[in-house]
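Read the structure below first, then the notes.
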Amino acid sequence: MRRTAIITGVSGQDGSYLAEHLLQQGYRVIGTTRSLAGGAERRRWVPEGVEMVEFEAKTLEAARALVAGHRPDEIYNCAARASSDQLNDDPLLTADVNGLAVVRLLEAIRLEHPAARLCQASSSEVFGNPATSPQGEKTPFSPRNSYGAAKLYAQNMVANYRARLGLFAASAILFNHESPRRGAEFITKKVCRAAAEISMNLARSLVVGDLDSRRDWGFAGDYVKAMWLMLQSERPCDYVIASGKTHSVRELCELAFGYVGLDFARYVIEDPAMRRPPEVVRLQGDPSRAERELGWTPQVGFDDLIRMMVDAERAALAGRARN
């Protein structure tokens with residue numbers, strides 16, 4: 001029998017890649033959006049075949065109606081305030097969207113369809129300032145912004161519903177994952193777009209905060225497959241999903257600009273005022289449990305990911321120029 005999956009936040013980077021994967025697996029895919037009116041540009045990544053429905057997890061009644069109306073086999077919660085510019089702003093809204101909304105989904109599953117399986121998209125921000133590196137499932141959590149704190153609350157509630165009520169609910173602790181669909185405010189997108197623009201004489205420079213800052217970057221299309229594998233397992237567990245390797249912003253710039261034949265040092269300017277607080281211990285994921293228990297390994301390496309993103313930016317710029 002054809003399985004049904006609900007993806008909240010289907011129009012975002014993760015949701016759209018996940019929808020593509022589930023459709024390829026033969027699922028009926030239902031994607032949620034705040035409003036069906038307008039917003040075609042916002043939903044440009046949603047693949048054909050996804051059934052779109054209006055939904056906001058602002059009330060338990062709305063969550064119950066979503067679950068009762070579709071009785072899904074699987075629910076993937078990808079909806080969140082996810083911008084790097086929103087890590088600390090509006091903590092009340094962040095707490096509601098990234099924290100309480102998840103509890104409403106869990107309650108809706110408990111009340112309406114306990115057989116449904118839930119995968120919550122968590123974040124490496126739950127580790128905050130870790131004491132050790134790399135970080136795995138047993139590393140203590142210590143978020144240092146409202147985004148990470150809300151994600152950790154949701155993650156803890158997923159574990160609570162799993163242990164206390166027996167729901168099949170699991171959190172994917174996702175480290176940085178990028179793609180051509182990444183939002184414009186993220187550093188990978190900024191660098192790849194600037195490399196494309198400068199190579200096409202559409203810009204002259206790029207300002208960044210700290211070239212020596214390091215991140216564990218992977219491809220979003222790989223990471224959503226790990227989320228799917230989590231819901232195919234015999235028992236629900238939380239998993240760190242990461243590449244297990246870190247790269248600096250300097251390496252990112254060198255690769256992106258070098259790919260289009262430019263020396264990044266001539267165009268990239270460091271602005272100390274843009275730097276984040278220094279990290280004592282490096283954020284770097286340990287994906288060994290996912291590799292061992294799920295058989296998951298990332299397929300797209302860092303170099304190929306950045307080249308993919310630069311190619312997408314150049315194609316988009318060429319298309320706009322023609323129009």
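Some points to look at:
- Percent of beta bridges antiparallel (DSSP, region 162-268, rounded to nearest 5): 25
- Shape of the chain, Cα gyration tensor, a/c cut at 1.5: prolate
- Here is the list for region 117-178: trypsin sites (Lys or Arg not before Pro) lying in DSSP coil, each with at most 10 other C-beta atoms within 10 angstrom of its C-beta, are 138.
- Neighbour net charge for residue 222 - beta-carbon separation under 15 angstrom, K R +1, D E -1: -3
- Here the peptides 225-235, 189-199 are ranked by packing, the mean other Cβ count within 10 Å, and the order with the highest first is 189-199, 225-235.
- Measuring r between the beta carbons of residue 281 and residue 237 and using R0 = 35 Å, the FRET efficiency lands at 0.90.
- With Cα atoms, 0 to 90° folded angle of helix 302-322 axis to the chain main axis: 80
- Label-point separation, residue 315 to residue 271 (7 Å along Cα→Cβ), nm: 3.1
- Sum of side-chain charges, residue 21 neighbourhood, beta-carbon under 11 Å (Lys, Arg +1; Asp, Glu -1): -2
- For the chain, the mean residue ellipticity at 222 nm estimated from helices alone is -12000 deg cm²/dmol, where every DSSP H run of n ≥ 4 contributes -39500 (n - 2.57) and the total is divided by all residues, rounded to the nearest 500.
- Dipole magnitude (debye, nearest 20) for the chain, charges at Cβ of Lys, Arg, Asp, Glu: 400
- A dipole drawn for region 215-323 from +1 and -1 charges on Cβ atoms has a positive end, and of 221, 318, 253 the residue lying farthest that way is 318.
- Between 160, 176, 77, the Gaussian network model of the chain with springs among Cα atoms under 10 angstrom shows the greatest mean-square fluctuation at 160.
- Ranked list, fewest to most other Cβ atoms within 10 Å of each Cβ, for 113, 177: 113, 177
- For region 54-70, putting each phi into the Karplus relation 6.51 cos²θ - 1.76 cosθ + 1.60 with θ = phi - 60° gives couplings of 7, 6, 9, 7, 7, 9, 5, 4, 5, 5, 5, 5, 5, 5, 5, x, 10 Hz, in residue order, rounded to whole numbers and with x for Gly and Pro.
- In degrees, nearest ten, helix 13-24 long axis to first principal axis of the chain (Cα): 60
- Using the Cβ of residue 289 as centre and a radius below 14 Å, the other residues enclosed give a net charge of -2, where K and R count +1 and D and E count -1.
- Distance in nm between pseudo-label sites at residue 60 and residue 96 (7 Å out along the Cβ direction from Cα): 1.7
- Charged-residue dipole, Cβ positions (Lys, Arg, Asp, Glu), region 80-158 about Cα centre, Debye nearest 20: 260
- Under 13 Å from the residue 115 label point (7 Å along Cα→beta-carbon), backbone N, region 140-174: none
- Nearest 10 degrees, 0 to 90: helix 146-165 Cα axis against the chain principal axis: 30
- Of all DSSP-defined beta bridges confined to the chain, some 5% are antiparallel rather than parallel.
Rule-based calculations on the coordinates, nothing more; no lab input. In this text the structure is predicted, and so the values were computed from the model without any measurement. Because the Cβ atoms are built from the backbone with ideal geometry, glycine has one as well, and the counts that use them run over all protein chains shown.
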